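**Student:** One structure is given below, represented as C-alpha cells, and several questions about it will come after.
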Amino acid sequence: MIVVNSIADVRQRIGDWRRDGLRVAFVPTMGNLHEGHLTLVQEARKQADHVVVSIFVNPMQFGPNEDFERYPRTLEADSAKLESVGADLLFVPPVEEMYPAKSNTCVEVSGVTKGLCGDMRPGHFIGVATVVAKLFNIVMPDVALFGEKDYQQLLVIRRMATDLCFPVEVVGVPTVREESGLAMSSRNGYLSDEEKQKAALIYQVLQGAAHQIEEGQRNYRQIESVVIELLAAQGFKPEYFAIHNAETLEPAGVNDKSLRILVAAKLGQTRLIDNIGLNL
Ligand code: AMP
C-alpha cells in the first residue's frame with residue numbers, strides 16, 4: 001500500500017492507473033478504523049481494480065463543542081488494517097493541504113440536510129459535502145463507497161454528486177454491527193463497558209419499531225414519542241427517533257412504502273446514531 005500526504009502525489013499515482021484504463025474505487029474515512037470501514041474497502045475491491053482510502057479528521061464538519069480535538073487518531077494501526085484488506089493507496093492529508101489559508105468556498109446541499117442530524121449539528125453537512133467534493137476532485141474515483149450507518153450523510157453525498165455532475169457512482173454499504181447489535185463506530189471507544197452494554201438498546205428499539213410497523217401500526221408519531229420516552233427513561237439523552245421516507249427523508253406518512261427509522265441519542269458524553277430500513 002502506498003501512503004501519500006499531498007494532493008499532487010495522489011494525482012500522480014492515480015493518473016498512472018487511469019492511463020492504464022484501470023477502474024478506481026474510493027473510501028473516505030476519518031480513521032480509527034473498525035470492521036465497518038474494512039467492509040467498505042472489501043466491497044470497494046470487488047468494484048474496481050484499485051482502492052483508494054483517505055483518512056482525514058475534517059475540522060469543517062465538527063461543531064465548536066464537538067469532539068474534533070479528542071477524536072481518536074490511530075494512523076499506524078489503521079495502515080496495518082488497510083494493508084490487510086488490500087487497499088492500494090492511502091491518502092492522509094494534513095489540514096493545510098485540504099484547507100489552505102485562503103480557502104473560502106463551501107458546498108451546501110438543501111432538502112435532505114433538513115431535520116435529523118442536519119438540525120442537531122448545524123453546519124455539519126456543509127463540512128461533509130465540502131470535504132467530499134474536494135476529495136472527489138482529488139481522487140476522481142469511478143465509484144465511492146459510504147456506510148448506511150450514516151444514512152443521512154449517504155443521501156447528502158448522493159444528492160451532491162448528482163447535482164454537481166460528479167462522474168462517480170455512490171454506493172451504500174449496509175451497517176456492520178457488534179454481536180450485541182450495536183452499530184460499529186469509532187466513537188464506541190468513548191463508551192465504558194457498562195455504557196457499551198446499554199448502547200445495544202439503540203438497535204433493539206429500532207427493531208421494535210420496525211416490528212410494530214410490520215404488524216400494522218401506522219401511527220408513526222406515536223411510536224416515535226414512546227421510544228423517545230423509553231430511551232430517556234433508560235438514561236439516554238435522545239436527540240431524535242424518527243420514522244421517515246427512505247428517499248426524501250421527510251417524516252413518513254401512511255402512504256409511504258419505503259421507510260427509514262433513524263435515531264440519535266447521547267449516552268454520557270458519547271453521541272450515538274443508527275438506523276434501519278423497512279419496506280412495506
Ligand atoms: P467515518 O470514519 O466515521 O467518517 O466513516 C467513514 C465511512 O465508514 C462512512 O461512509 C461511514 O458511513 C462508514 N461506516 C462507519 N461505521 C460503519 C459501520 N458500522 N458499518 C458500515 N459502514 C460504516
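The values are calculated or read from the model by the stated rules, or taken from the named source; none is laboratory data. Being a predicted model, the structure only gives us computed values, none of them experimental. Neighbour counts are summed over all protein chains in view; Cβ atoms, including those assigned to glycine, are modelled from backbone coordinates with ideal geometry. Just so you know, the surface numbers come from the protein's heavy atoms only, side chains and all, with ligands and any DNA or RNA stripped out. Shrake-Rupley method; radii C 1.70, N 1.55, O 1.52, S 1.80 Å.
**Student:** Restricting attention to the range 56-89, and to residues there that are among the polar types (S, T, N, Q), under 25 Å from Glu43 (Cβ atoms) and open to solvent by 30 Å² or more (accessible area, probe 1.4 Å), which single residue is farthest from the chain's Cα centre (by Cα)?
**Tutor:** Ser84
**Student:** Give all pairs with beta carbons closer than 6 Å in which a residue from the range 150-177 that is within 21 Å of Ile261 (Cβ to Cβ) meets a residue that is near the ligand (Cβ under 10 Å from one of its atoms) and of a type in the set (Lys, Arg); count only pairs at least 6 apart in sequence or on separate chains.
**Tutor:** Thr175/Lys149
**Student:** Checking Leu38 against (1) within 16 Å of the ligand (Cβ to nearest atom); (2) in contact with a strand residue (DSSP E or B) (Cβ under 8 Å, 6 or more places away or on another chain): exactly one of these is not met. Which one?
**Tutor:** With respect to (1) within 16 Å of the ligand (Cβ to nearest atom); (2) in contact with a strand residue (DSSP E or B) (Cβ under 8 Å, 6 or more places away or on another chain), Leu38 is out only on (2).
**Student:** Let me ask something else about it. Filter the range 181-216 down to residues that are within 19 Å of the chain's Cα centre (by Cα) and open to solvent by 40 Å² or more (accessible area, probe 1.4 Å) and give me whichever is farthest from Glu69 (Cα to Cα).
**Tutor:** Ranking the candidates gives Tyr203 first.
**Student:** Can Thr270 be described as touching a residue at least 60 places away in the same chain (Cβ under 8 Å), surrounded by 13 or more Cβ atoms within 10 Å (Cβ to Cβ) and under 18 Å from Gln153 (Cβ atoms)?
**Tutor:** Here the answer is no, as Thr270 does not meet what is asked.
**Student:** On to the next question. Return yes when Arg70 is among the basic types (Lys, Arg), modelled with pLDDT of 95 or more and not in a helix (DSSP H, G or I) and no when it is not.
**Tutor:** yes
**Student:** Any residue that is open to solvent by less than 70 Å² (accessible area, probe 1.4 Å), within 12 Å of the ligand (Cβ to nearest atom), basic (Lys, Arg) and touching a Ser or Thr at 6+ places or on another chain (Cβ under 7 Å) - is there at least one of those in the range 140-149?
**Tutor:** Yes, some residue in the range 140-149 is open to solvent by less than 70 Å² (accessible area, probe 1.4 Å), within 12 Å of the ligand (Cβ to nearest atom), basic (Lys, Arg) and touching a Ser or Thr at 6+ places or on another chain (Cβ under 7 Å).
Rundown of residues vs (1) more than 14 Å from the ligand (Cβ to nearest atom); (2) assigned to a helix (DSSP H, G or I); (3) touching a Phe, Trp or Tyr at 6+ places or on another chain (Cβ under 7 Å); (4) closer than 22 Å to Tyr203 by Cβ, yes/no style:
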{"residue": "Ser103", "(1), (2), (3), (4)": "yes, no, no, no"}
{"residue": "Glu108", "(1), (2), (3), (4)": "yes, no, no, no"}
{"residue": "Val112", "(1), (2), (3), (4)": "yes, no, no, no"}
{"residue": "Ile138", "(1), (2), (3), (4)": "yes, yes, no, no"}
{"residue": "Arg158", "(1), (2), (3), (4)": "no, yes, no, no"}
{"residue": "Cys165", "(1), (2), (3), (4)": "yes, no, no, no"}
{"residue": "Gly181", "(1), (2), (3), (4)": "no, no, yes, yes"}
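**Student:** Would you please list the contacts, defined by Cβ atoms under 7 Å and residues six or more apart or on different chains, that run from a residue in the range 20-33 that is within 16 Å of the ligand (Cβ to nearest atom) and open to solvent by 10 Å² or more (accessible area, probe 1.4 Å) to a residue that is part of a strand (DSSP E or B) and of a type outside the set (Val, Ile, Thr)?
**Tutor:** Pro28/Ser54; Thr29/Ser54
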